[in-house]
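For reference, the structure is listed below as structure tokens.
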Amino acid sequence: MNKLSGQDALFLHVDRPHASSHGTMIYIYDQSTVSGQRLGFREIVRHIESRLDPTSVQRRKIVQVPFGLGYPYWVEDDLFDIDFHVRHFALPKPGDWRQFCILLSRIHARSVDLSRSPWEMYVIEGLDNIEGIPKGSFAIITKTHHAAMDGTAAAEFTWALHDLAGAQGKPIAVADKQEQANTPCHSRRITDTLTRMVIDNVSASARMAAPLTRVLPKLATFGLRRLAQSLWSSEGGVPRTRFNANVSAKRVWDSVTLDLATVKLIKGTVPGATINDAVLAMIGGAMRRYLQAKDELPEKSLVSMAPVNTRQEGAERTTNTISILRFPLGTDMEDPLERLQAVQLATAECKAIQNAIGAHELTNLQKFTPPATLGLAGRLATLTGGGGKGPVLLHNCMVTNVPGPNTELYLLGAKLVHWGGMGPLADGMSLIWNPTSYCGKMFISLTSSPNIVSDPDFLARCLLDSYEEMSEAARQMTPPIPATKVLSKRRKQGPGKPRQVRTPA
């Protein structure tokens, strides 16, 4: 694809010097499975370079049209140099988890260089003193601007880097090569660019007509009032918390590892609940504990925003094809299984709304937005934070789930043992959770700003406590909660007495 869609371009418009729209994947490898000597940096670089072909964006850069009056487009990166994009770091002794979190936070905080192909990789050695990670392990960090690919496309790029059975395994293709992948894409002349600006704005308006004609009757049938109620609760909307303040240019990160079978046991206590519902309820419990410890827990439930993949079969895989849903996290409920049931009912309602209107049609409206409108939308999107005083508040955090395979993956014979993520922050949205799953484990990572979450290890501990509480409740809950059970009345007098929480050492 030579041109970015409206949805891709929007991520460029919301970029700010202190809050760039890029995502990061974290992979940790056990070198004990490598036959012979340990892997060297140059060997890893050659392997990465050999796997770049399936996605053309890895060798191209983005050119923006003056004043944002046309869609940005892809051109060949004449300065492409694999050594610029893949860099080598090592943790100092003792090589522990705290040092790893700090280094990742610093890497993620820096913006991607958009004058080149919008991605970077870091090979990090010296992971010698991390619980649950074999000594001598190394990590690979991939950082890509969101305009180039969404989370699903980034996960598919993960498959391209790995083998199924070590050095002798067959590589998992991220996608069949598109014919356009080998089509030259050179820089345009200024006259071509000006012509393109006019065509983009006129044609985009025309292309929006088809999805609009399909969406508007559905809105009328479904009921705008019901839709508005789902977005803005009659109980008074979304509570404002510390997570709705402006972010700094620094980042903090942490991650916890959970047993996927236990997460499935938890979701099985409520008929119709999904793994994602269990994760949302777990995160709701963690945020409840964290805010209780700060004496900041609001009476109303916090609300999460979640991107949902709407890519259809056979569609281009390196573009953004997502829709956004909102889910309450049940932070106003102390009982963990009652919280899970409330989350399940809410997510089912949100999915009903999405299905009634058509998630793919809503995504197309974003893709075909005229370029001149995108710049204004990007500026307005960054005003909702307003230092915690913005006029509109629709969410308190984001949860973006990227499910992985249940098959062991290898890179040059080194076994993948940990897979995490880091997401983009913005003013007004200073906390993002990135759940990923792989080989019977679930990894839930959190990304925030140090002026918002100065103690990410404590927030991670709150998540583990929430998981343990829900696990214990699930084991004691036989049979599962009946589907017809009515939720107990929510407490109106306040959040109640805080549960005991463990503070960081």
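So, F41, is that one under 30 Å from D427 (Cβ atoms), in contact (Cβ under 8 Å) with a residue 24 or more places away in the chain and of a type in the set (F, W, Y) or not? No, not satisfied. Go through the residues of the range 32-42 one by one and say whether even a single one is assigned by TED's automatic domain parsing to the domain that holds M121, out of contact with any Lys or Arg (no Cβ under 8 Å at 6 or more places or on another chain) and buried (at least 21 other Cβ atoms within 10 Å of the Cβ). For the range 32-42, residues assigned by TED's automatic domain parsing to the domain that holds M121, out of contact with any Lys or Arg (no Cβ under 8 Å at 6 or more places or on another chain) and buried (at least 21 other Cβ atoms within 10 Å of the Cβ): absent. Number of residues in the range 408-424 that are of a type in the set (G, A, S) and not in a loop (DSSP other than H, G, I, E, B): the value is 3. Annotation note: of V57, V45, the sole residue that is among the hydrophobic types (A, V, I, L, M, F, W, C), closer than 30 Å to E125 by Cβ, in a helix (DSSP H, G or I) and modelled with pLDDT under 90 is V57.
Selection of the range 95-132 for residues being touching a strand residue (DSSP E or B) at 6+ places or on another chain (Cβ under 7 Å), assigned to a loop (DSSP other than H, G, I, E, B) and not hydroxyl-bearing (S, T, Y) yields G95, V112, L114, R116, P118, I130, G132.
The residues in the range 436-447 that are among the polar types (S, T, N, Q) and either at pLDDT below 95 or over 25 Å from D259 (Cβ atoms) (or both) can be counted, and the count is 2.
The values are calculated or read from the model by the stated rules, or taken from the named source; none is laboratory data. All of these numbers come straight from a predicted model, not from anything done at the bench. Heads up, the Cβs are rebuilt from the backbone with ideal geometry, glycines too, and the neighbour counts pull from every protein chain shown.
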